[in-house]
Amino acid sequence: MTDRDSHADTHWTAIEQAARPALAELFDAAPDRLEKLTVEEAGLYFDFSKTHLDDVLVDAFVALAESRDLAGRRDALFAGEIVNVSEGRAADHPAQRGSGNPDAVALARGLHARMRSLVDAIESGALGDIRHILHIGIGGSALGPKLLIEALGGSDSAYDVAVVSNVDGEALAGPFELFDPAHTLIAIASKSFTTGETMLNAESALQWMREDGVADPFGQCVALTANPDAALDFGIDETRILPFPESIGGRYSLWSSIGFPAALALGWEAFERLLEGAAAMDRHFRLADWRGNAPVLAAFADLYYSQARRAESRAVFAYDERLRLLPDYLQQLVTESNGKPGDRPTSAILWGGVGTDAQHSVFQLLHQGTHLVPVEFIAVAEAGDALDPAHHEALLVNCFAQGAALMAGRANDDPARAFAGDRPSTTILLEQLDPATLGALIAFYEHRTFAEAMLLGINPFDQFGVELGKEIARGIAEDAETLDLDPSTAALIERAL
Ligand code: F6P
């Protein structure tokens, strides 16, 4: 055990053994609690005051962060050093928004310029009269662009966009029904350009075009990839391949050419604002003291509950219909990044949904279930809809009421109706939902995930766990009989394949 490890152990012990005052007691004891545990940055207001963080815990976490050299590791991330040690790579997503390593930033600018030229060319009709965009990709190659388009797309986009990820043919059936192949652009998004589901969906989409009489389907096809050679071999014209560096992980890739359909549908200006918003959060993460650093305070709270109070999950609820995909997006970001063994129990499972819907389904468990589930509320002060303001008011009223109820609980003589409260929540309030605030919000989550990983001794940038299933699937598809499969799997294959 190194000195550094043994110091980390001491700090974890201090965190685990710290006194556990209730939230109400914490508010009573510290009149400046709200001031200390709220952060305002880049159009976002973060309220951590309804978590159990207090001076004692924050001090212990700051000491832990120092013993784990969080500042050095953060600087290494931005400097483009090899932080993804298992794969021998940097993690250059911050450079996509102009932050950090100058060489990586220059490369990103060049690739963005290429991307912009293709956006301009399509807008000027160089690929014909494009009205529909069929984006094909999975995981990080789908969730990011889909989130951006759903959150910011509104109803006045010049293009209908469908993001298809599942290999189930049902997923393609909808766009095939709605879109006119002659006016459709296919965007094949795959970092590796080898992912089975994506390649099969891409083949089927090209076939759909051919069958409808499109003479040159590849002429309406773009590739977004870190493996341009494979895209070339597949048949995509070199001028319509938008590469991005291998050093950008799939779940961190929406800032790169993977964001192409969003740049096209939302407009280049909007894509630039998105990058600027993320860059503002990068600056905050780099420069703010840990005690006022939003991603770091959030990571402290996450770790307090997952490590000291053994909370196995945490839940995120977007109180805004436009952000309905955010919990799914964050689930990939957090679980694929930090669902690994490190020096401590793995980080909490992220799940969630949309408010107010979720109040009428899962919130019962949050109020009275015996699991401890820290909750995160995300809301937007300015309404997204143009309906009667009563709608947006009702949305926010419900959001704030839930946080208050989780903390307060209810006293009642009847034990079935009583509940203790003291349940933690965090609230993130955006002034408005626009490309810049969304960029800052996503970057906040990336840095929070990174900070958490560094304190847990995890490499957040690899994902070897998902490879085995892919290998077995390939084997079954090729020739299941040559595999030494368990009896249960063999029987299922026998029945259905
Ligand atoms: O299976 C997991 C994963 O590797 C993700 O990390 C990635 O975002 C997704 O598959 C898709 O990979 P690709 O972009 O290479 O098609």
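The values are calculated or read from the model by the stated rules, or taken from the named source; none is laboratory data. From a predicted model like this one, the values you see are computed outputs, not experimental measurements. Note: ideal-geometry Cβ built from the backbone for every residue, glycine included; neighbour counts use all protein chains shown. The area values use the complete protein model at the heavy-atom level, side chains included, leaving out ligands, DNA and RNA. Shrake-Rupley method; radii C 1.70, N 1.55, O 1.52, S 1.80 Å.
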- Item | helices (runs of 4 or more DSSP H) completely within segment 404-497 that count 3 or more residues being at pLDDT 95 or above, crowded, with 17+ Cβ neighbours inside 10 Å and touching a Ser or Thr at 6+ places or on another chain (Cβ under 8 Å) | 435-456
- Item | Only one of D289, D320, D328, D343 that is within 23 Å of D434 (Cβ to Cβ) and open to solvent by 30 Å² or more (accessible area, probe 1.4 Å) | D328
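Yes/no matrix, rows are residues, columns are (1) touching a residue at least 12 places away in the same chain (Cβ under 8 Å); (2) within 18 Å of the chain's Cα centre (by Cα); (3) in the same structural domain as A151 (by TED's automatic domain parsing):
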residue	(1), (2), (3)
A348	yes, yes, no
T356	yes, no, no
H367	yes, no, no
L372	yes, no, no
V375	yes, yes, no
L387	no, no, no
A390	no, no, no
- Message: If V222 satisfies all but one of (1) within 14 Å of the ligand (Cβ to nearest atom); (2) surrounded by 24 or more Cβ atoms within 10 Å (Cβ to Cβ), what's the number of the condition it fails?
- Response: (1)
- Query: Given the conditions (1) under 15 Å from the mean Cα position of the chain (by Cα); (2) outside the structural domain of D32 (by TED's automatic domain parsing); (3) open to solvent by less than 10 Å² (accessible area, probe 1.4 Å), and given that G250 satisfies all but one, which numbered condition is not satisfied?
  - Reply: (3)
- Query: Pick from A95, A18: which is closer than 29 Å to Q432 by Cβ, in contact (Cβ under 8 Å) with a residue 12 or more places away in the chain and either touching a Gly at 6+ places or on another chain (Cβ under 8 Å) or of a type outside the set (K, R) (or both)?
  - Reply: A95
- Test: residue in segment 12-30 that is under 25 Å from L287 (Cβ atoms) and at pLDDT 95 or above: no
- Query: So which pairs qualify, if the first residue must be in segment 225-242 and closer than 18 Å to R116 by Cβ, the second must be open to solvent by 50 Å² or more (accessible area, probe 1.4 Å) and of a type in the set (K, R), the Cβ gap must be under 9 Å, and the two must be at least 6 apart or on different chains?
  - Reply: L242/R114
- May I ask you to list the residues in segment 368-389 that are in a helix (DSSP H, G or I) and modelled with pLDDT of 95 or more? none
